[in-house]
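Colleague: Questions regarding the structure given below will be posed in turn.
The values are calculated or read from the model by the stated rules, or taken from the named source; none is laboratory data. Here the structure is a predicted model, which is why all the values come from computation and not from measurement. Positions of Cβ are backbone-derived with ideal geometry, glycine not excepted, and every protein chain shown enters the neighbour counts. For the accessible areas, the whole protein counts, side chains as well, though only heavy atoms, and no ligand, DNA or RNA atoms are used. Shrake-Rupley method; radii C 1.70, N 1.55, O 1.52, S 1.80 Å.
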Amino acid sequence: MYAQMIRSEATQDDPERLAAFQARIDAGEKIEPKEWMPEGYRKTLIRQIGQHAHSEIVGQLPEGNWITRAPTLERKAILLAKVQDEAGHGLYLYCAAETLGVSRDELFEMLNSGKMKYSSIFNYPTLTWADMGAVGWLVDGAAIMNQVPLQRTSYGPYARAMVRICKEESFHQRQGFDIMMKMANGTPAQKRMAQDALDRFWYPSLMMFGPSDKDSVHSAQSMAWKIKMNTNDELRQKFVDQTVPQAEYLGLTVPDDTLAWNAEKGGYDFAQPDWDEFYDVLKGNGPCNADRLEARRTAWDEGAWVREGMLAHAEKKRAARMAAE
Amino acid sequence: MSSPAPGPYAKTAAPEGDAPKRAEWPLWEIFIRGQHGLSHRHVGSLHAPDAEKAILNARDVYTRRNEGVSIWVVESAAIAASSPDEKGPLYEPANDKVYRHPTFFDIPDDVGAM
């Protein structure tokens, strides 16, 4: 899940219009860009889609770290394709956000100034090649849990972006699991690396779903608007239930002594991540927060001359064409 | 009926951004034709300084997996769009013309497939 703790905006619109809007959503209609929508719906969506887009963009950094160090040319090509997809996912999402009346550059500015967040998961370092496996398998796996239901979200452009993203995410998760299989079946040292990656990424992956939201008013509003399709706890449970057997298949141990199958609920009981750590990472105190933001700001600042130069060139060509006509 | 509104999106101010406005690459709408003889289909939008770069960017953003064999790009601001408020008056004339659908006509089974 790439959007965490999205505050939903209170809305002060005409109650009659609000009721008519809610009726459209309840009937399963899609809301499209120029149609009337409550101000709170619009603002909450900008925040959520923006955070999701930022996560895709910042999410390139931990993996980009390994492109030049991939063990084989094939692995390198695959990783490069995956990171390129993430840039694409960010772009699909920025366009969806732009239909709500915010520009991509404004969203970038808000990311770079720290006014908008990205997922907590990308503030953890990728220390070994096995982390590329763990990120694809666990992080993309957790993202898929959230993104699949979002294909049915009420806002048309967001839903359509999700359809494209989901098609590609499945490649990401499989390539991650493939790396884990290779490592888990490799030399004892490689297997230890795979176990170490699982140990470090398990709880941060569980945090991706956000804290329990059963009492959250924001979640209730977002769910009524079909911006959020499931509770955080539902998705986390689903993720654990799906992932534990996969870890068993790999012969790896999920780092949770309390993990046990609960036949009554038809799912695993598992330990919650350290939520203090989660809030601390959100506040900017994770192992890589400063590095990630610094990398984004540098990329933005050092790319300015390219953006400006290409615009100037386009204007020059346009002027020359006009003069020739 | 009012004149068509420019652009497919509402032009509203950013709610949260107070960043200084600077020259931004314009937004382009991207249309892709797949391999199977269907029309170009709208797939999304992207930013580019000009049409040529918009096509190159569209190649990278929207056809990474052989989704298309032809790309159209058009500046978003150049699109005229019907207004959602006029849904009623715009489409209503077709609503009471059920005879335009083949299912309106009862053809006896004996006639066979038609």
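Here is a yes/no grid of residues against (1) free of Cβ contacts under 8 Å to residues at least 24 places away in the same chain; (2) of a type in the set (Ser, Thr, Tyr):
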{"residue": "B:Gly34", "(1), (2)": "no, no"}
{"residue": "B:Gly37", "(1), (2)": "yes, no"}
{"residue": "B:Val43", "(1), (2)": "no, no"}
{"residue": "B:Leu56", "(1), (2)": "yes, no"}
{"residue": "B:Ser83", "(1), (2)": "no, yes"}
{"residue": "B:Glu86", "(1), (2)": "no, no"}
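Colleague: Mind telling me which of the residues B:Asp50, B:Asp85 ends up being facing another protein chain (nearest Cβ under 9 Å) and loosely packed, with under 14 Cβ neighbours inside 10 Å?
Modeller: From the options B:Asp50, B:Asp85, the qualifying one is B:Asp85.
Colleague: Hey, another quick one. Which residue out of B:Arg64, B:Arg33 is open to solvent by 40 Å² or more (accessible area, probe 1.4 Å), more than 30 Å from A:Ala320 (Cα to Cα) and within 9 Å of another protein chain (Cβ to nearest Cβ)?
Modeller: Working: B:Arg33 fails: within 9 Å of another protein chain (Cβ to nearest Cβ).
So the residue among B:Arg64, B:Arg33 that is open to solvent by 40 Å² or more (accessible area, probe 1.4 Å), more than 30 Å from A:Ala320 (Cα to Cα) and within 9 Å of another protein chain (Cβ to nearest Cβ) is B:Arg64.
Colleague: Now for a different question. Where the second residue is not hydroxyl-bearing (Ser, Thr, Tyr) and the first is open to solvent by 60 Å² or more (accessible area, probe 1.4 Å) and lies in region A:13-36, which pairs have Cβ atoms under 6 Å and are six or more apart or on separate chains?
Modeller: Sorted first by the residue in region A:13-36, then by its partner, the pairs are A:Lys30/A:Gly156.
Colleague: Okay, next question. Please verify whether A:Gln60 is of a type in the set (S, T, N, Q), within 29 Å of A:Pro15 (Cα to Cα) and within 16 Å of the chain's Cα centre (by Cα), treating the condition exactly as stated.
Modeller: no
Colleague: Something else about it: If A:Tyr94 satisfies all but one of (1) away from every other protein chain (no Cβ under 11 Å); (2) among the hydroxyl-bearing types (Ser, Thr, Tyr); (3) open to solvent by less than 10 Å² (accessible area, probe 1.4 Å), what's the number of the condition it fails?
Modeller: Of everything listed in (1) away from every other protein chain (no Cβ under 11 Å); (2) among the hydroxyl-bearing types (Ser, Thr, Tyr); (3) open to solvent by less than 10 Å² (accessible area, probe 1.4 Å), A:Tyr94 misses just condition (1).
Colleague: Please verify whether region A:58-68 includes one or more residues that are within 10 Å of chain B (Cβ to nearest Cβ), among the small types (Gly, Ala, Ser) and either surrounded by fewer than 23 Cβ atoms within 10 Å (Cβ to Cβ) or touching a residue at least 12 places away in the same chain (Cβ under 8 Å) (or both).
Modeller: Initially, region A:58-68 is screened for residues within 10 Å of chain B (Cβ to nearest Cβ), giving none.
No, region A:58-68 contains no residue that is within 10 Å of chain B (Cβ to nearest Cβ), among the small types (Gly, Ala, Ser) and either surrounded by fewer than 23 Cβ atoms within 10 Å (Cβ to Cβ) or touching a residue at least 12 places away in the same chain (Cβ under 8 Å) (or both).
Colleague: Also: Could you list, in sequence order, the residues of region A:113-149 that are within 18 Å of A:Asp85 (Cβ to Cβ) and either among the polar types (S, T, N, Q) or surrounded by fewer than 20 Cβ atoms within 10 Å (Cβ to Cβ) (or both)?
Modeller: Passing the criteria: A:Ser119, A:Thr126, A:Ile144, A:Asn146, A:Gln147, A:Val148.
Colleague: Which one of these is assigned to a helix (DSSP H, G or I) and touching a Gly at 6+ places or on another chain (Cβ under 9 Å): A:Leu206, A:Leu111?
Modeller: A:Leu111 is the lone residue from the list that is assigned to a helix (DSSP H, G or I) and touching a Gly at 6+ places or on another chain (Cβ under 9 Å).
Colleague: Report, by residue number, each residue of region A:21-42 that is within 13 Å of chain B (Cβ to nearest Cβ) and either part of a helix (DSSP H, G or I) or of a type in the set (Ser, Thr, Tyr) (or both).
Modeller: Correct list: A:Phe21, A:Arg24, A:Glu39, A:Gly40, A:Tyr41, A:Arg42.
Colleague: Turning to a different aspect of this structure: Which of the residues spanning region A:182-195 are assigned to a helix (DSSP H, G or I) and either under 16 Å from the mean Cα position of the chain (by Cα) or surrounded by fewer than 17 Cβ atoms within 10 Å (Cβ to Cβ) (or both)?
Modeller: Step one: list which residues in region A:182-195 are assigned to a helix (DSSP H, G or I), which gives A:182-184, A:188-195.
Once the filter is applied, which keeps residues that are assigned to a helix (DSSP H, G or I) and either under 16 Å from the mean Cα position of the chain (by Cα) or surrounded by fewer than 17 Cβ atoms within 10 Å (Cβ to Cβ) (or both), region A:182-195 yields A:Lys182, A:Pro188, A:Ala189, A:Gln190, A:Arg192.
Colleague: If we only count helices (runs of 4 or more DSSP H) wholly inside region A:214-325, which ones have 2 or more residues that are touching a residue at least 40 places away in the same chain (Cβ under 8 Å) and within 24 Å of the chain's Cα centre (by Cα)?
Modeller: Working: elements: A:217-224, A:232-250, A:275-280, A:289-302, A:304-324.
Because the criterion is at least 2 residues that are touching a residue at least 40 places away in the same chain (Cβ under 8 Å) and within 24 Å of the chain's Cα centre (by Cα), the helices (runs of 4 or more DSSP H) in region A:214-325 that meet it are A:217-224, A:232-250, A:275-280, A:289-302.
Colleague: Okay, next question. So, of the residues in region A:150-165 that are of a type in the set (Gly, Ala, Ser) and crowded, with 21+ Cβ neighbours inside 10 Å, which turns out to be farthest from A:Ser55 (Cα to Cα)?
Modeller: Here is the first cut: in region A:150-165, the residues of a type in the set (Gly, Ala, Ser) are A:154, A:156, A:159, A:161.
If we keep only those that are crowded, with 21+ Cβ neighbours inside 10 Å too, we end up with A:154, A:161.
Values: A:Ser154: 21, A:Ala161: 15 Å.
Checked region A:150-165; the qualifying residue farthest from A:Ser55 (Cα to Cα) is A:Ser154.
Colleague: Quick one: B:Glu16 ticks every box in (1) touching a helix residue (DSSP H, G or I) at 6+ places or on another chain (Cβ under 7 Å); (2) at pLDDT 95 or above; (3) open to solvent by 40 Å² or more (accessible area, probe 1.4 Å) except a single one, so which number is it?
Modeller: Failed condition: (2).
Colleague: Continuing with this model, one more query. Mind checking whether some residue in region A:307-325 is of a type outside the set (A, V, I, L, M) and crowded, with 18+ Cβ neighbours inside 10 Å?
Modeller: No, that holds for no residue.
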